[in-house]
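Quick notes on the structure that follows.
The values are calculated or read from the model by the stated rules, or taken from the named source; none is laboratory data. From a predicted model like this one, the values you see are computed outputs, not experimental measurements. Glycine gets a Cβ as well: all are built from the backbone with ideal geometry, and neighbour counts include every protein chain shown. Just the protein is used for accessible areas: all its heavy atoms, side chains included, with ligands, DNA and RNA removed. Shrake-Rupley method; radii C 1.70, N 1.55, O 1.52, S 1.80 Å.
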Amino acid sequence: MLSNQLQNGVETAKLIWSRLPNAEDVSDAEGDEDGGLRSDGFDGVESLDYEVIENYAYRQEQARRGKLYIWYYVGVKWFFALLIGIGTGLAAVLINISVENFAGWKYSLTFTIIEKSYVAGFIVYTMFNLALVFSSVYIITQFAPAAAGSGIPEIKGYLNGIDTRGILLFRTLIGKISGSIGSVGGGLALGKEGPLVHTGACIASLLGQGGSTKYHLSSRWLQIFKSDRDRRDLVTCGCAAGVAAAFRAPVGGVLFALEEVTSWWRSQLMWRVFFTSAVVAVVVRTAMGWCKSGKCGHFGSGGFIIWEVSDGQDDYSFMELLPMAIIGVIGGLLGALFNQLTLYITHWRRNYLHKKGNRVKIIEACLISVITSIISFGLPLFRKCSACPDSDIPIECPRQSGTYGNYVNFFCTNKNEYNDLATIFFNTQDDAIRNLFSAKTIHEYSAQSLLTFLVMFYSLAVVTFGTAVPAGQFVPGIMIGSTYGRLVGMFVVRLYQKTNIEEGTYALLGAASFLGGSMRMTVSLCVIMVEITNNLKLLPLIMLVLLISKAVGDAFNEGLYEEQARLRGIPLLESRPKNLMRKMTAKEACGNKKVSYFTRVVKVADVLAILRSNNHNGFPVVDESRNGETMVIGLILRSHLLVLLQSKADFQHSPLAVDMRSQSIPIRHNLSDFVKPVTSKGLSINDIHLSPDDLEMYIDLAPFVNPSPYVVPEDMSLTKVYNLFRQLGLRHIFVVPRASRVIGMITRKDLLFEDNEDSSSVELQSTSVRAEQRAGSRVRRRNSDIGSPLLNGLLA
């Protein structure tokens with residue numbers, strides 16, 4: 001009988017194993033608007049078009065728009081900001097309630113069983129964690145590969161102008177939410193805050209493109225934003241909403257988007273981002289109020305991160321600044337070490353381990369889950385229990401089984417005792433941090449327990465980061481920092497023998513120092529820490545440790561997100577150019593590469609040949625002027641050329657150019673025809689099918705080119721080019737020879753005028769200046785047919 005059951009068990013295990021996805025099980029392309037995804041989640045990056053393409057179709061559409069449409073356009077932006085806040089807030093509520101309930105069921109069941117058998121309790125505890133982690137990694141590997149990791153490096157790349165395919169899809173959103181529930185609920189050493197930022201960005205992107213057509217969740221009236229610029233603004237709102245939802249820190253969310261992820265900012269965007277964060281705060285607060293009535297199961301005061309330390313240390317002495325500065329140094333050193341170790345391990349994973357297929361990814365995550373369960377359950381067994389403090393403390397000791405809080409009774413002989421190491425391990429990370437931050441709990445933890453937890457959790461966080469599950473590093477970083485911060489606080493209490501010193505205050509400073517040393521954020525992190533602790537008195541101390549930890553960390557390596565972005569092959573343009581660029585010119589950067597270009601009227605066969613011969617995404621278009629010189633008339637994108645080739649509507653038999661000054665140019669394309677789907681390949685050259693007769697026809701490219709691309713002289717320093725490229729969010733810059741003459745000069749006063757003024761009443765201009773301007777305008781009209789000289793190169 002026993003052998004038959006064993007054989008059935010082996011057969012069942014083989015059946016489950018055979019159904020696990022292989023690397024080849026995920027197809028390279030799914031043939032929809034979502035674009036192709038390989039098994040690793042990415043198959044390349046592409047630059048985004050943040051520049052406005054002012055071609056003929058754009059100008060015609062702008063001419064048809066009145067003030068009513070502009071008001072409607074602005075109103076929809078604010079409405080979308082509202083929807084992003086509501087959607088991100090609800091996603092955060094769902095994740096937090098699910099994690100808290102799974103953790104509550106797990107701990108309640110475990111503590112009920114260990115009253116009879118610790119071995120059975122360990123098995124149940126381990127299997128519960130393993131099931132949650134397996135569900136998370138299975139969803140990620142089979143359904144949404146791009147949902148692995150925190151997603152912040154990819155979103156930072158998107159806002160920097162880099163489109164990594166798959167990161168903003170509907171299936172990525174679902175995978176991020178469900179995967180975060182499984183990985184965080186399964187007790188892994190990672191958090192849900194980074195994935196919430198990615199979740200908010202996905203919600204914003206889906207709203208910007210009108211939903212998902214693949215899953216029939218789209219609406220035409222939502223499809224109003226047709227440029228990457230507008231979608232970028234929405235994704236920025238989503239990032240801020242994610243931080244606001246994760247930490248209940250709306251102002252911190254705005255500053256996080258400004259400091260950490262965005263490369264381009266303006267005042268109008270600030271208002272919408274702030275409004276979105278405020279909406280998230282209202283949604284989260286409403287959900288917490290609703291859950292206080294007991295309708296959310298095990299979800300109670302925990303779940304949403306806010307650690308009230310207003311009853312902590314009220315004042316500090318000058319002598320305490322030295323140990324606080326030491327905390328900053330420790331945070332910088334441990335944060336830099338964490339970045340370096342995760343970089344090495346992630347590099348090994350991506351280049352060796354994860355290339356062996358999805359089965360290896362699943363086995364790896366499950367193995368780490370088992371190891372984490374063994375450590376978190378086994379280490380408290382070796383700790384001696386301590387007697388509960390005096391009965392006048394405001395915290396219950398020991399806590400009731402199945403609830404959150406301090407003083408966990410685990411493997412203790414007396415009911416009036418608690419296990420300090422189990423108090424950290426047998427809690428969700430949010431509740432464990434709340435315990436470490438708690439005031440009036442001096443001597444709750446022993447130095448041996450804190451040091452043991454620090455070493456083990458630090459090691460687990462390093463190993464877990466990079467597995468194929470959604471993983472954030474905010475809360476693990478706070479856990480690590482608060483542990484060594486509390487250790488320093490214990491030393492300070494014993495050294496100075498003062499009753500007003502709180503160990504929990506030092507735990508808070510340690511958490512800030514580690515995050516500053518790892519992520520290198522300052523302003524936004526400072527505000528987030530103040531908001532989540534609700535204690536403004538600690539602001540100067542948090543600023544001190546953040547400045548020190550960031551300075552120490554910068555001496556060794558870059559921030560965590562920058563390192564991970566480089567590892568993932570995301571070519572970020574940092575805020576400051578390299579020193580080497582000061583000695584280079586734009587022409588030297590172009591090198592000796594030959595520029596591929598089109599003539600204004602070009603043969604269809606020539607267009608097809610050039611597109612097949614290279615992978616460039618932008619091409620200069622040249623034409624002959626009246627005096628026979630070849631002049632650049634603009635820039636045309638590869639995606640626009642593919643649309644023209646597929647539609648065939650603009651093919652003509654004659655090689656003659658269309659008269660652009662004529663008012664009767666036929667409009668065969670709307671601006672929406674040239675819009676590329678979000679995070680998608682769009683059309684490719686393989687999608688174009690032309691007959692031999694089509695190849696002999698011609699296209700006049702003049703109505704479709706951007707006639708005013710950005711141009712720099714060949715001897716401009718590369719530093720200036722870099723700043724121009726990054727600050728304007730460009731994709732291409734033309735490099736041209738030094739101009740031979742000047743047709744005009746624009747100063748500040750030429751740009752200061754009101755919308756209701758005409759050219760004869762420009763603000764701050766005298767009569768003589770206006771006369772000179774009118775004369776200059778006549779000169780410009782006479783030379784309107786003469787373009788720029790032929791370019792030397794194209795920077796992209």
Response to the item:
Expected sort for 602-609, 638-645, 345-352, 153-160 on mean C-beta neighbours within 10 Å, highest first, is 153-160, 638-645, 602-609, 345-352
Item to complete: Just subtract the alpha-carbon distance of Arg741 and Glu115 from 0.36 nm times their residue separation and send over the number in nm, one decimal.
Response: 216.3 nm
Fill in: Phi to ³J(HN,Hα) by Karplus 6.51 cos²θ - 1.76 cosθ + 1.60 over the stretch 524-537, Hz, x for Gly, Pro
5, 5, 4, 5, 4, 5, 5, 5, 7, 9, 6, 9, 6, 5
Fill in: Per residue solvent-accessible surface (Å²) - the stretch 348-498, probe of 1.4 Å
40
Worksheet item: Measuring from label point to label point, each 7 Å out along Cα→Cβ, what is the Leu367 to Leu495 span in nm?
Response: 4.3
Item to complete: Using every pair of alpha-carbon atoms in the stretch 579-751, split the distances into 5 Å bins beginning at 0 and state the percent of pairs per bin, rounded to integers.
Response: 1, 7, 13, 18, 19, 15, 13, 9, 4, 2, 0, 0
Item to complete: Starting from the Cα-Cα distance between Ala551 and Arg359, subtract it from 0.36 nm times their residue separation and give me the gain in nm to one decimal.
Response: 65.0 nm
Worksheet entry | Per residue value of the accessible surface for the stretch 579-751 (all protein chains in place, 1.4 Å probe), Å² | 56
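Once R0 is set to 60 Å, what does the formula 1/(1 + (r/R0)^6) return for the Cβ-Cβ distance between Thr413 and Arg566, expressed as a FRET efficiency to the nearest 0.05? Present the calculation step by step, with values, prior to reporting the outcome.
On the way: r = 53 Å, r/R0 = 0.89.
With a Förster radius of 60 Å, E is 0.65.
Just to verify a number: FRET efficiency for Ile70 and Asp750, C-beta to C-beta distance, R0 = 25 Å, to 0.05? Please list the in-between numbers first.
On the way: r = 24 Å, r/R0 = 0.95.
In this case the efficiency is close to 0.60.
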Fill in: Ordering of 647-658, 496-507 by packing [mean C-beta count within 10 Å, highest first]
496-507, 647-658
Worksheet item: Using a simple charge model, +1 on the beta-carbon of Lys and Arg, -1 on the beta-carbon of Asp and Glu, nothing else, what dipole does the stretch 579-751 show about its Cα centre, in debye to the nearest 20?
Response: 980
Fill in: Rough spin-label spacing in nm, given labels placed 7 Å along Cα→Cβ, for Tyr58 and Val711
1.7
Worksheet, complete the sentence: Under the 7 Å Cα-to-Cβ spin-label approximation, Arg668 and Glu574 lie apart by a distance in nanometres of 4.9
Response to the item:
The FRET efficiency for Phe318 and Ser691, from their Cβ-Cβ distance with R0 = 56 Å and rounded to 0.05, is 0.10
Worksheet entry | Net charge, Val523 excluded, C-beta distance under 13 Å - Lys, Arg +1, Asp, Glu -1 | -1
Item to complete: Could you run the Karplus curve 6.51 cos²θ - 1.76 cosθ + 1.60 with θ = phi - 60° over the stretch 127-132 and give me ³J(HN,Hα) per residue in whole Hz, x for Gly and Pro?
Response: 5, 4, 4, 5, 5, 5
Worksheet item: Going by the alpha-carbon gyration tensor, a ≥ b ≥ c the square roots of its eigenvalues, is the stretch 441-543 rounded (a/c under 1.5) or, if a/c is not under 1.5, prolate (a/b greater than b/c) versus oblate?
Response: oblate
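Rounded, prolate or oblate: which fits the stretch 559-613 when a ≥ b ≥ c are the square roots of the eigenvalues of the alpha-carbon gyration tensor, with rounded for a/c under 1.5 and prolate only if a/b beats b/c? Mind dumping the intermediate values first?
Details: a/c = 4.04, a/b = 1.83, b/c = 2.21.
In terms of gyration-tensor shape, oblate.
Need one word for the stretch 399-473: rounded, prolate or oblate. Basis is the Cα gyration tensor (sqrt eigenvalues a ≥ b ≥ c); a/c below 1.5 gives rounded, then a/b vs b/c decides. Please list the in-between numbers first.
Values: a/c = 2.00, a/b = 1.79, b/c = 1.12.
Because a/c hits 1.5 or more and a/b exceeds b/c, the stretch 399-473 counts as prolate.
Loop only per DSSP, at most 16 neighbouring Cβ atoms within 10 Å: give me the GluC sites (Glu not before Pro) in the stretch 545-617, ordered by residue number. Can you show the working numbers first?
Values: sites: Glu558, Glu562, Glu563, Glu574, Glu588; in loops: Glu558, Glu574.
Filter output for the stretch 545-617: Glu574.
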